[in-house]
1. Go through segment 38-55 and report how many residues are outside any loop (DSSP other than H, G, I, E, B), closer than 16 Å to Ala117 by Cα and aliphatic (A, V, I, L, M).
2. Exactly one condition in (1) touching an Asp or Glu at 6+ places or on another chain (Cβ under 7 Å); (2) part of a helix (DSSP H, G or I) is not met by Pro84; state its number.
3. Please find, among Gly143, Gly181, the residue that is of a type outside the set (A, V, I, L, M, F, W, C) and in contact (Cβ under 8 Å) with a residue 40 or more places away in the chain.
4. Kindly establish whether Ser63 is more than 19 Å from Tyr35 (Cβ to Cβ), in contact (Cβ under 8 Å) with a residue 12 or more places away in the chain and assigned to a helix (DSSP H, G or I).
5. Within segment 166-184, which residues are at pLDDT below 90 and outside any helix (DSSP H, G or I)?
6. What number of residues in segment 120-165 are of a type outside the set (A, V, I, L, M, F, W, C), part of a loop (DSSP other than H, G, I, E, B) and in contact with a strand residue (DSSP E or B) (Cβ under 8 Å, 6 or more places away or on another chain)?
7. Scan segment 31-72 residue by residue and report those that are at pLDDT below 85 and within 17 Å of Val108 (Cα to Cα).
8. Taking Arg187 as meeting all but one of (1) part of a helix (DSSP H, G or I); (2) among the basic types (Lys, Arg); (3) under 23 Å from Gly18 (Cβ atoms), write down the number of the exception.
Amino acid sequence: MSAAGTTTHAAGGWRYDGVARAFHWLVVAMLIVQYSVALLLASFLPKSAEEALANWHFAMGSSVCVVMLARLAWRFTHAPPPPPADLSPGLRLLSRATHWTFYAGFIVLPVLGWAAASAHGIHVKLAGLIPLPMLGQKDNPIGKAMQTVHPALAVTLLALIALHIAGALYHAFVKRDEVLGRILPGRDAGVA
């Protein structure tokens with residue numbers, strides 16, 4: 001920020017590119033649906049709805065995995081904007097670690113769910129359409145163990161999402177900088 005309170009930027013590069021922003025918000029929407037379905041599975045719906053919701057959960061989880069793999073490929077080939085110059089080394093490290101944990105976590109989490117489903121003899125379909133191979137035999141003890149690991153990782157990632165949102169709100173309302181604007185949808189304005 002300059003002394004007058006306006007932000008100056010080098011030509012381009014202050015925001016994530018449009019594809020990265022689209023991936024971010026697509027994953028956000030998918031995770032809202034996925035976590036909602038997971039919570040519904042474990043709570044108040046009648047037993048008769050469990051199978052349909054479980055199939056939806058598997059379809060969405062496998063789709064999240066594919067989108068995250070595509071997002072990761074995009075990230076490796078398209079550098080993100082640099083962090084704000086005034087961001088402390090500790091917060092830079094926390095931000096980087098959080099982002100890479102999201103990449104890993106939202107790829108590993110669906111695979112663990114797939115392994116758990118396979119151990120119960122459930123066939124998972126990518127996006128609910130394309131049958132995926134079983135990840136092991138039915139009653140596989142490792143796959144069954146994933147039934148415990150999968151929800152624990154899901155809750156851990158949910159806590160990390162809360163931290164991520166808290167960081168975004170901190171930048172928006174405490175620091176009043178443009179960090180949140182770097183990922184918000186919309187056209188790039190010609191910022192001077």
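The values are calculated or read from the model by the stated rules, or taken from the named source; none is laboratory data. What you are looking at is a predicted structure, and each value in this text was computed from that prediction instead of being measured. Cβ: placed from backbone, ideal geometry, glycine included. Neighbour counts: every protein chain shown.
1. So the answer is 5.
2. Unmet for Pro84, out of (1) touching an Asp or Glu at 6+ places or on another chain (Cβ under 7 Å); (2) part of a helix (DSSP H, G or I): (2).
3. Going through Gly143, Gly181 in turn, just one is of a type outside the set (A, V, I, L, M, F, W, C) and in contact (Cβ under 8 Å) with a residue 40 or more places away in the chain: Gly181.
4. In short, no.
5. Within segment 166-184, Arg176, Asp177, Glu178, Val179 qualify.
6. Qualifying residue count, segment 120-165: 1.
7. Within segment 31-72, Ala38 is the sole residue that qualifies.
8. (1)
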